[in-house]
Amino acid sequence: MTTGSGTTAQTPDMLLPGATLGVLGGGQLGRMFALAARVMGYRVVVLDPDPQCPAGQVADVHLKAPYTDAVALMRMGELCQAVTTEFENVPASSLEMLARRTRVAPAPHIVQLAQDRLHEKVCASKFGCETAPYANVEDAGDLVHAWSQLSAPGLLKTRRMGYDGKGQMRADDLDALVAAHAALGGVPCLFEGLLAIEREFSVVLARNAQGGIAFFPLAENVHRQGILDMSIVPARLPESVAEQARQMARRIAEGLGYVGVLAVEFFLLADGRVVFNEMAPRPHNSGHYTLDACVTDQFEQQVRALCGLPLGDTRLLSPVVMVNLLGDLWAQGPRWEALLKHPGVKLHLYGKVEARPGRKMGHYNCLAPTLEEALALALETRRAMGIG
Ligand code: ADP
Ligand code: MG
(Lines give C-alpha, C1' and ligand atoms only; values in the text may rest on other atoms or scores of the structure.)
(Ligands and ions follow the chains in the order given, each with its own letter.)
Protein backbone atom coordinates (compact mmCIF):
# COMPACT_ATOMS: atom_id res chain seq x y z
CA MET A 1 0.00 0.00 0.00
CA THR A 2 1.75 3.20 -1.11
CA THR A 3 0.21 6.54 -0.30
CA GLY A 4 0.90 10.21 -0.08
CA SER A 5 3.56 12.47 -1.41
CA GLY A 6 4.48 14.73 1.47
CA THR A 7 5.92 18.14 1.03
CA THR A 8 8.26 18.28 4.01
CA ALA A 9 11.54 16.82 2.82
CA GLN A 10 13.72 17.84 -0.06
CA THR A 11 13.90 15.19 -2.73
CA PRO A 12 17.42 13.81 -2.83
CA ASP A 13 18.98 12.52 -6.02
CA MET A 14 18.18 8.95 -6.85
CA LEU A 15 21.14 6.69 -6.31
CA LEU A 16 20.97 4.20 -9.12
CA PRO A 17 22.41 0.68 -9.41
CA GLY A 18 26.19 0.84 -9.59
CA ALA A 19 26.34 3.21 -6.60
CA THR A 20 28.01 2.07 -3.37
CA LEU A 21 25.94 1.73 -0.20
CA GLY A 22 27.22 1.32 3.34
CA VAL A 23 25.77 -0.39 6.38
CA LEU A 24 26.90 0.02 9.96
CA GLY A 25 26.78 -3.36 11.64
CA GLY A 26 27.48 -6.75 10.18
CA GLY A 27 24.79 -8.94 11.76
CA GLN A 28 22.00 -10.75 9.94
CA LEU A 29 20.08 -7.56 9.18
CA GLY A 30 23.17 -6.06 7.57
CA ARG A 31 23.70 -9.29 5.65
CA MET A 32 20.18 -9.31 4.23
CA PHE A 33 20.48 -5.61 3.35
CA ALA A 34 23.77 -6.35 1.55
CA LEU A 35 22.26 -9.28 -0.34
CA ALA A 36 19.25 -7.22 -1.44
CA ALA A 37 21.50 -4.34 -2.54
CA ARG A 38 23.79 -6.64 -4.50
CA VAL A 39 20.86 -8.31 -6.26
CA MET A 40 19.89 -4.84 -7.46
CA GLY A 41 23.40 -4.08 -8.71
CA TYR A 42 24.72 -1.90 -5.88
CA ARG A 43 28.10 -2.30 -4.25
CA VAL A 44 28.10 -2.73 -0.48
CA VAL A 45 30.49 -1.67 2.27
CA VAL A 46 30.03 -3.09 5.77
CA LEU A 47 31.59 -1.68 8.93
CA ASP A 48 31.88 -4.23 11.74
CA PRO A 49 34.84 -5.16 13.95
CA ASP A 50 34.12 -8.91 13.73
CA PRO A 51 36.12 -10.44 10.84
CA GLN A 52 33.60 -13.30 10.56
CA CYS A 53 30.38 -11.31 10.85
CA PRO A 54 27.38 -12.39 8.71
CA ALA A 55 27.31 -9.27 6.51
CA GLY A 56 31.07 -9.14 5.98
CA GLN A 57 30.83 -12.52 4.22
CA VAL A 58 28.62 -11.12 1.47
CA ALA A 59 29.82 -7.50 1.18
CA ASP A 60 32.08 -6.06 -1.51
CA VAL A 61 34.16 -4.37 1.17
CA HIS A 62 34.31 -5.20 4.86
CA LEU A 63 35.89 -2.51 7.03
CA LYS A 64 36.95 -4.38 10.16
CA ALA A 65 37.06 -1.67 12.80
CA PRO A 66 35.12 -0.41 15.81
CA TYR A 67 32.05 1.77 15.09
CA THR A 68 33.88 4.74 16.57
CA ASP A 69 37.05 4.38 14.47
CA ALA A 70 37.48 7.77 12.79
CA VAL A 71 39.70 6.45 10.00
CA ALA A 72 37.26 3.65 9.11
CA LEU A 73 34.32 6.06 9.20
CA MET A 74 36.20 8.47 6.94
CA ARG A 75 36.92 5.63 4.51
CA MET A 76 33.28 4.58 4.58
CA GLY A 77 32.19 8.13 3.90
CA GLU A 78 34.53 8.30 0.90
CA LEU A 79 33.46 4.95 -0.53
CA CYS A 80 29.70 5.23 -0.05
CA GLN A 81 27.09 7.45 -1.68
CA ALA A 82 24.69 6.56 1.16
CA VAL A 83 24.92 4.79 4.50
CA THR A 84 22.33 3.14 6.72
CA THR A 85 22.47 1.16 9.94
CA GLU A 86 21.35 -2.34 10.85
CA PHE A 87 21.09 -1.70 14.57
CA GLU A 88 20.17 1.27 16.72
CA ASN A 89 23.06 1.09 19.14
CA VAL A 90 25.73 2.56 16.89
CA PRO A 91 27.05 5.73 18.51
CA ALA A 92 25.16 8.74 17.18
CA SER A 93 28.50 10.55 16.88
CA SER A 94 29.60 7.97 14.27
CA LEU A 95 26.44 8.53 12.23
CA GLU A 96 26.91 12.28 12.51
CA MET A 97 30.50 12.00 11.34
CA LEU A 98 29.29 10.04 8.32
CA ALA A 99 26.44 12.47 7.70
CA ARG A 100 28.97 15.26 7.21
CA ARG A 101 30.43 13.31 4.28
CA THR A 102 27.59 11.36 2.70
CA ARG A 103 23.85 10.64 2.78
CA VAL A 104 22.77 8.90 6.01
CA ALA A 105 19.28 7.52 6.58
CA PRO A 106 17.55 7.21 8.99
CA ALA A 107 18.78 10.50 10.43
CA PRO A 108 21.31 10.18 13.29
CA HIS A 109 19.06 11.93 15.84
CA ILE A 110 16.24 9.45 15.17
CA VAL A 111 18.56 6.46 15.58
CA GLN A 112 19.68 8.03 18.84
CA LEU A 113 16.08 8.45 19.99
CA ALA A 114 15.44 4.75 19.40
CA GLN A 115 18.39 3.84 21.65
CA ASP A 116 16.48 4.85 24.76
CA ARG A 117 13.13 3.43 25.83
CA LEU A 118 12.23 6.63 27.67
CA HIS A 119 12.80 8.83 24.62
CA GLU A 120 10.87 6.34 22.48
CA LYS A 121 7.86 6.39 24.77
CA VAL A 122 7.91 10.18 25.06
CA CYS A 123 8.02 10.38 21.26
CA ALA A 124 5.17 7.90 20.86
CA SER A 125 3.01 9.84 23.33
CA LYS A 126 3.78 13.09 21.55
CA PHE A 127 2.36 11.59 18.36
CA GLY A 128 -0.79 10.41 20.12
CA CYS A 129 0.11 6.77 20.78
CA GLU A 130 -0.88 5.11 24.04
CA THR A 131 1.97 3.39 25.91
CA ALA A 132 2.13 1.20 29.02
CA PRO A 133 2.11 3.28 32.21
CA TYR A 134 5.72 3.82 33.23
CA ALA A 135 7.99 5.60 35.67
CA ASN A 136 11.53 6.72 34.92
CA VAL A 137 14.25 5.34 37.20
CA GLU A 138 17.31 7.50 36.65
CA ASP A 139 19.03 5.95 39.67
CA ALA A 140 18.22 4.01 42.85
CA GLY A 141 16.92 7.20 44.47
CA ASP A 142 13.90 7.08 42.13
CA LEU A 143 12.73 3.57 43.05
CA VAL A 144 10.35 4.44 45.89
CA HIS A 145 8.70 7.14 43.79
CA ALA A 146 8.51 4.79 40.76
CA TRP A 147 6.79 2.12 42.83
CA SER A 148 4.33 4.62 44.28
CA GLN A 149 3.50 5.89 40.77
CA LEU A 150 2.51 2.44 39.52
CA SER A 151 1.74 0.58 42.77
CA ALA A 152 1.28 -2.58 40.72
CA PRO A 153 3.39 -5.40 39.31
CA GLY A 154 5.55 -4.35 36.41
CA LEU A 155 8.67 -4.91 34.37
CA LEU A 156 11.85 -3.03 35.12
CA LYS A 157 13.59 -2.51 31.78
CA THR A 158 17.00 -0.98 31.18
CA ARG A 159 16.50 2.15 29.12
CA ARG A 160 19.33 1.28 26.75
CA MET A 161 20.75 -1.81 25.06
CA GLY A 162 17.92 -4.23 25.90
CA TYR A 163 16.85 -6.76 23.27
CA ASP A 164 15.25 -10.19 23.06
CA GLY A 165 13.89 -9.76 26.59
CA LYS A 166 17.40 -9.13 27.96
CA GLY A 167 17.79 -6.31 30.47
CA GLN A 168 14.35 -6.66 31.98
CA MET A 169 12.99 -8.18 35.20
CA ARG A 170 9.57 -8.49 36.72
CA ALA A 171 8.90 -6.85 40.09
CA ASP A 172 5.73 -7.40 42.11
CA ASP A 173 6.58 -5.18 45.09
CA LEU A 174 9.01 -2.47 46.15
CA ASP A 175 11.57 -4.94 47.56
CA ALA A 176 11.59 -6.88 44.30
CA LEU A 177 11.94 -3.61 42.37
CA VAL A 178 14.98 -2.59 44.43
CA ALA A 179 16.54 -6.03 43.93
CA ALA A 180 15.79 -5.98 40.19
CA HIS A 181 17.42 -2.59 39.79
CA ALA A 182 20.57 -3.80 41.53
CA ALA A 183 20.57 -6.98 39.44
CA LEU A 184 20.34 -4.88 36.27
CA GLY A 185 23.47 -3.01 37.36
CA GLY A 186 21.80 0.11 38.75
CA VAL A 187 21.64 1.69 35.28
CA PRO A 188 18.83 4.05 34.19
CA CYS A 189 15.63 2.03 33.73
CA LEU A 190 11.91 2.32 33.11
CA PHE A 191 9.47 0.62 35.44
CA GLU A 192 6.59 -0.39 33.19
CA GLY A 193 3.17 -1.58 34.29
CA LEU A 194 2.43 -5.21 33.40
CA LEU A 195 -0.25 -5.27 30.71
CA ALA A 196 -2.92 -7.87 29.98
CA ILE A 197 -1.74 -8.62 26.44
CA GLU A 198 -4.11 -10.42 24.11
CA ARG A 199 -1.95 -10.31 20.98
CA GLU A 200 1.43 -8.89 19.96
CA PHE A 201 1.91 -7.58 16.47
CA SER A 202 4.08 -5.23 14.48
CA VAL A 203 3.86 -2.70 11.70
CA VAL A 204 6.83 -2.47 9.35
CA LEU A 205 6.74 0.48 6.98
CA ALA A 206 9.07 2.36 4.72
CA ARG A 207 9.08 6.07 4.08
CA ASN A 208 11.15 7.79 1.44
CA ALA A 209 12.46 11.33 1.34
CA GLN A 210 9.59 12.34 -0.95
CA GLY A 211 7.20 11.46 1.89
CA GLY A 212 5.71 8.35 0.32
CA ILE A 213 4.87 5.58 2.80
CA ALA A 214 4.47 1.86 2.09
CA PHE A 215 3.14 -0.48 4.79
CA PHE A 216 3.90 -4.16 4.84
CA PRO A 217 1.07 -6.44 5.93
CA LEU A 218 0.92 -6.58 9.74
CA ALA A 219 2.65 -9.50 11.44
CA GLU A 220 1.20 -11.26 14.47
CA ASN A 221 4.10 -12.13 16.72
CA VAL A 222 4.52 -14.97 19.19
CA HIS A 223 7.39 -14.65 21.68
CA ARG A 224 9.04 -17.28 23.83
CA GLN A 225 11.20 -16.21 26.75
CA GLY A 226 11.23 -12.66 25.44
CA ILE A 227 12.53 -13.71 21.99
CA LEU A 228 10.45 -13.62 18.81
CA ASP A 229 9.51 -17.20 18.02
CA MET A 230 7.00 -16.98 15.14
CA SER A 231 5.35 -14.34 12.97
CA ILE A 232 1.97 -15.13 11.46
CA VAL A 233 0.78 -13.24 8.38
CA PRO A 234 -1.88 -12.09 7.75
CA ALA A 235 -2.17 -11.20 11.43
CA ARG A 236 -5.39 -12.45 13.00
CA LEU A 237 -6.59 -9.00 14.08
CA PRO A 238 -9.75 -6.99 13.54
CA GLU A 239 -9.28 -4.54 10.66
CA SER A 240 -10.06 -1.62 13.00
CA VAL A 241 -7.10 -2.64 15.20
CA ALA A 242 -4.79 -2.97 12.20
CA GLU A 243 -5.87 0.42 10.91
CA GLN A 244 -5.33 2.09 14.31
CA ALA A 245 -1.81 0.66 14.47
CA ARG A 246 -0.99 1.75 10.91
CA GLN A 247 -2.19 5.27 11.70
CA MET A 248 -0.08 5.35 14.88
CA ALA A 249 3.01 4.19 12.98
CA ARG A 250 2.28 6.70 10.24
CA ARG A 251 2.06 9.59 12.71
CA ILE A 252 5.43 8.61 14.18
CA ALA A 253 7.10 8.25 10.77
CA GLU A 254 5.66 11.48 9.41
CA GLY A 255 6.12 13.37 12.69
CA LEU A 256 9.79 12.46 12.74
CA GLY A 257 10.29 13.04 9.02
CA TYR A 258 11.60 9.51 8.96
CA VAL A 259 13.42 8.07 5.94
CA GLY A 260 14.04 4.33 5.84
CA VAL A 261 12.38 1.18 7.13
CA LEU A 262 10.68 1.59 10.51
CA ALA A 263 9.28 -1.21 12.67
CA VAL A 264 6.80 -0.52 15.45
CA GLU A 265 5.78 -3.18 17.98
CA PHE A 266 2.26 -3.07 19.39
CA PHE A 267 0.21 -4.85 22.01
CA LEU A 268 -3.50 -5.50 21.63
CA LEU A 269 -4.87 -5.56 25.18
CA ALA A 270 -7.66 -7.73 26.47
CA ASP A 271 -9.92 -4.64 26.63
CA GLY A 272 -9.31 -3.84 22.94
CA ARG A 273 -6.82 -1.00 23.35
CA VAL A 274 -3.86 -0.75 20.97
CA VAL A 275 -0.66 0.10 22.81
CA PHE A 276 2.72 1.18 21.39
CA ASN A 277 5.54 -0.97 22.79
CA GLU A 278 8.78 -0.01 21.06
CA MET A 279 10.20 0.84 17.68
CA ALA A 280 13.27 -0.01 15.63
CA PRO A 281 14.79 2.34 13.03
CA ARG A 282 15.54 -0.53 10.65
CA PRO A 283 14.12 -3.77 9.24
CA HIS A 284 12.83 -6.11 11.93
CA ASN A 285 12.81 -9.81 12.68
CA SER A 286 9.02 -9.77 12.37
CA GLY A 287 9.45 -8.57 8.76
CA HIS A 288 11.53 -11.54 7.65
CA TYR A 289 8.41 -13.18 6.22
CA THR A 290 8.51 -10.54 3.46
CA LEU A 291 11.63 -12.20 2.00
CA ASP A 292 9.48 -14.94 0.50
CA ALA A 293 5.89 -13.78 0.79
CA CYS A 294 5.79 -10.21 -0.57
CA VAL A 295 6.45 -8.64 -3.96
CA THR A 296 9.12 -6.48 -2.31
CA ASP A 297 10.90 -7.55 0.86
CA GLN A 298 11.86 -5.25 3.73
CA PHE A 299 15.56 -5.20 2.77
CA GLU A 300 14.91 -4.23 -0.85
CA GLN A 301 12.60 -1.57 0.57
CA GLN A 302 15.45 -0.37 2.81
CA VAL A 303 17.66 -0.06 -0.28
CA ARG A 304 14.90 1.79 -2.16
CA ALA A 305 14.24 4.25 0.68
CA LEU A 306 17.95 4.91 1.18
CA CYS A 307 18.52 5.47 -2.54
CA GLY A 308 15.49 7.70 -3.02
CA LEU A 309 13.87 5.20 -5.42
CA PRO A 310 10.11 4.73 -5.61
CA LEU A 311 9.03 2.29 -2.87
CA GLY A 312 8.25 -1.25 -3.98
CA ASP A 313 4.91 -3.04 -3.93
CA THR A 314 4.36 -4.63 -0.49
CA ARG A 315 1.54 -6.94 -1.58
CA LEU A 316 1.35 -10.29 0.21
CA LEU A 317 1.63 -13.14 -2.30
CA SER A 318 0.89 -15.97 0.10
CA PRO A 319 -0.11 -16.67 3.69
CA VAL A 320 3.11 -17.28 5.63
CA VAL A 321 4.43 -18.25 9.04
CA MET A 322 8.01 -17.38 9.95
CA VAL A 323 9.86 -19.50 12.50
CA ASN A 324 13.10 -18.34 14.12
CA LEU A 325 16.01 -20.77 14.44
CA LEU A 326 17.91 -20.23 17.69
CA GLY A 327 21.35 -21.55 18.59
CA ASP A 328 19.85 -24.05 21.05
CA LEU A 329 19.10 -26.32 18.07
CA TRP A 330 22.78 -26.54 17.18
CA ALA A 331 23.62 -28.48 20.37
CA GLN A 332 22.47 -31.63 18.59
CA GLY A 333 22.79 -30.40 15.02
CA PRO A 334 19.65 -29.16 13.23
CA ARG A 335 17.68 -31.82 11.32
CA TRP A 336 17.71 -30.05 7.98
CA GLU A 337 16.21 -32.99 6.05
CA ALA A 338 13.07 -32.79 8.17
CA LEU A 339 12.69 -29.16 7.12
CA LEU A 340 13.86 -29.19 3.53
CA LYS A 341 11.65 -32.07 2.44
CA HIS A 342 8.73 -29.58 2.47
CA PRO A 343 8.55 -27.65 -0.81
CA GLY A 344 6.72 -24.75 0.88
CA VAL A 345 9.55 -24.11 3.37
CA LYS A 346 12.14 -21.43 2.60
CA LEU A 347 15.30 -21.55 4.72
CA HIS A 348 17.49 -18.53 5.56
CA LEU A 349 20.72 -18.97 7.51
CA TYR A 350 22.88 -16.07 8.62
CA GLY A 351 26.36 -17.60 8.40
CA LYS A 352 27.10 -17.17 12.12
CA VAL A 353 30.20 -19.11 13.06
CA GLU A 354 29.26 -19.78 16.65
CA ALA A 355 25.89 -21.05 17.89
CA ARG A 356 24.84 -20.07 21.41
CA PRO A 357 21.53 -20.72 23.21
CA GLY A 358 19.08 -17.93 22.35
CA ARG A 359 21.24 -16.61 19.49
CA LYS A 360 19.38 -16.04 16.23
CA MET A 361 21.06 -18.30 13.66
CA GLY A 362 18.44 -18.16 10.92
CA HIS A 363 14.75 -18.48 10.21
CA TYR A 364 12.42 -20.24 7.82
CA ASN A 365 9.22 -19.19 6.13
CA CYS A 366 6.35 -21.63 5.69
CA LEU A 367 4.18 -20.76 2.68
CA ALA A 368 0.86 -22.39 1.91
CA PRO A 369 -2.39 -21.56 0.11
CA THR A 370 -4.19 -20.85 3.41
CA LEU A 371 -3.01 -19.53 6.77
CA GLU A 372 -4.29 -22.69 8.46
CA GLU A 373 -2.05 -24.81 6.23
CA ALA A 374 0.92 -22.48 6.75
CA LEU A 375 0.43 -22.75 10.52
CA ALA A 376 0.12 -26.53 10.31
CA LEU A 377 3.35 -26.67 8.29
CA ALA A 378 5.10 -24.45 10.85
CA LEU A 379 3.95 -26.63 13.74
CA GLU A 380 4.84 -29.88 11.99
CA THR A 381 8.33 -28.71 11.04
CA ARG A 382 8.97 -27.30 14.51
CA ARG A 383 8.12 -30.67 16.00
CA ALA A 384 10.31 -32.49 13.50
CA MET A 385 13.20 -30.10 14.18
CA GLY A 386 12.74 -30.35 17.94
CA ILE A 387 11.91 -26.65 18.44
CA GLY A 388 10.05 -25.86 21.66
P1 ADP B 1 12.84 -6.18 23.76
O2 ADP B 1 13.61 -4.95 23.38
O3 ADP B 1 13.66 -7.16 24.52
O4 ADP B 1 12.09 -6.76 22.59
P5 ADP B 1 10.20 -5.48 24.75
O6 ADP B 1 9.86 -4.24 25.48
O7 ADP B 1 9.65 -5.64 23.39
O8 ADP B 1 11.78 -5.64 24.80
O9 ADP B 1 9.73 -6.71 25.65
C10 ADP B 1 9.91 -8.06 25.26
C11 ADP B 1 8.62 -8.83 25.47
O12 ADP B 1 8.21 -8.76 26.85
C13 ADP B 1 7.44 -8.27 24.69
O14 ADP B 1 7.43 -8.76 23.37
C15 ADP B 1 6.26 -8.78 25.54
O16 ADP B 1 6.02 -10.16 25.29
C17 ADP B 1 6.79 -8.66 26.96
N18 ADP B 1 6.43 -7.34 27.55
C19 ADP B 1 7.09 -6.18 27.35
N20 ADP B 1 6.52 -5.16 27.99
C21 ADP B 1 5.45 -5.67 28.63
C22 ADP B 1 4.43 -5.10 29.49
N23 ADP B 1 4.43 -3.81 29.82
N24 ADP B 1 3.48 -5.95 29.97
C25 ADP B 1 3.47 -7.27 29.65
N26 ADP B 1 4.41 -7.85 28.85
C27 ADP B 1 5.39 -7.07 28.34
MG1 MG C 1 10.46 -6.00 21.55
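The values are calculated or read from the model by the stated rules, or taken from the named source; none is laboratory data. Model, not experiment: these values are computed from the prediction. Here Cβ is always computed from backbone atoms with ideal geometry, including for glycine, and neighbour counts include all displayed protein chains. Just the protein is used for accessible areas: all its heavy atoms, side chains included, with ligands, DNA and RNA removed. Shrake-Rupley method; radii C 1.70, N 1.55, O 1.52, S 1.80 Å.
Be a star and scan the stretch 313-335 for residues whose amide nitrogen sits under 14 Å from the point 7 Å along the Cα-to-Cβ vector of residue 341.
Hits in the stretch 313-335 for residue 341 at 14 Å: 335.
Can you work out the PRE-style zone for residue 372? Point 7 Å along Cα to Cβ, and I want the residues of the stretch 305-324 with backbone N under 16 Å.
Only 319-320 pass the distance filter.
Pairs 166/352; 64/341; 121/360; 121/352; 64/121; 126/360: which are spaced more than 31 Å apart, C-alpha to C-alpha?
On the way: 166/352 20 Å; 64/341 38 Å; 121/360 27 Å; 121/352 33 Å; 64/121 34 Å; 126/360 33 Å.
From 166/352; 64/341; 121/360; 121/352; 64/121; 126/360, over 31 Å: 64/341; 121/352; 64/121; 126/360.
Arrange the residues 213, 197 by how much accessible surface each exposes, largest first, with a 1.4 angstrom probe.
Heavy-atom accessible area, descending, gives 197, 213.
Could you state how much accessible area residue 119 has, in square angstrom rounded to the nearest 10, with a 1.4 Å probe and all protein chains kept in place?
The value for residue 119 is about 90 Å².
Taking the Cβ of residue 386 as the center, what net charge do the other residues with Cβ under 15 Å away carry, scoring Lys and Arg +1 and Asp and Glu -1? Display every interim value, and only then the final one.
Details: positive: 224, 335, 382, 383; negative: 229, 328, 337, 380.
Summing Lys and Arg as +1 and Asp and Glu as -1 gives 0.
Determine the per residue accessible area of the chain with all protein chains present and a 1.4 angstrom probe, expressed in square angstrom. Let's see the in-between values first.
Values: 15850 Å² over 388 residues.
That works out to 41 Å² for each residue.
Among 238, 51, 283, which one moves the most in a GNM of the chain with springs linking Cα atoms closer than 10 Å?
238
Taking the Cα centre of each part, how many Å lie between the stretch 141-199 and the stretch 34-101?
Centre-to-centre distance over Cα atoms comes out at 35 Å.
So what J values fall out for the stretch 156-164 if you push phi through Karplus, 6.51 cos²θ - 1.76 cosθ + 1.60 with θ = phi - 60°, rounded to Hz, Gly and Pro as x?
8, 10, 5, 5, 10, 6, x, 7, 6
Within the stretch 118-167, list the GluC sites (Glu not before Pro) lying in a DSSP loop whose Cβ has at most 12 other Cβ atoms in a 10 Å radius.
Here the sparse-neighbourhood loop sites are 138.
Mean separation of Cα pairs under 8 Å and 6+ residues apart, divided by the residue count of the chain: what relative contact order is that in percent?
The normalised contact order for the chain reaches 16 percent.
Where in the chain are the DSSP H helices whose alpha-carbon span along the long axis reaches 20 Å or more and whose Kyte-Doolittle mean is at least 1.6?
Sorted by number, there is nothing, because no helix extends far enough and scores high enough.
Using only the heavy atoms of the protein chains and a 1.4 Å probe, how would 223, 348 rank by accessible area, largest first? Don't jump to the answer; show the numbers that get you there.
Working: 223 65, 348 40 Å².
From most exposed to least exposed: 223, 348.
Please list, in order, the residues from the stretch 122-158 whose amide nitrogen is less than 17 Å from a point placed 7 Å along the Cα→Cβ vector of residue 172.
151-156
Tell me, what is the 1.4 Å probe accessible area of residue 161, in Å² to the nearest 10?
Rounded to the nearest 10, the figure is 130 Å².
Given points 7 Å out from each Cα along the Cα-Cβ axis, report the residue 52 to residue 295 separation in nanometres with one decimal.
Those two pseudo-labels are separated by 4.2 nm.
How high is the relative contact order of the stretch 197-385, in percent, counting Cα pairs under 8 Å that sit 6 or more residues apart?
Once divided by the residue count of the stretch 197-385, the mean separation gives 21 percent.
Carbon and sulfur atoms: what percent of the 1.4 Å accessible area of the chain do they account for?
Carbon with sulfur: 54 percent of the solvent-accessible area.
Between residue 61 and residue 109, what is the label-to-label distance in nm when each label sits 7 Å out along the Cα-to-Cβ direction?
3.0
Take residue 130 and residue 225, extend 7 Å from each Cα along the Cα→Cβ direction, and tell me the distance between the two endpoints in nm.
3.3
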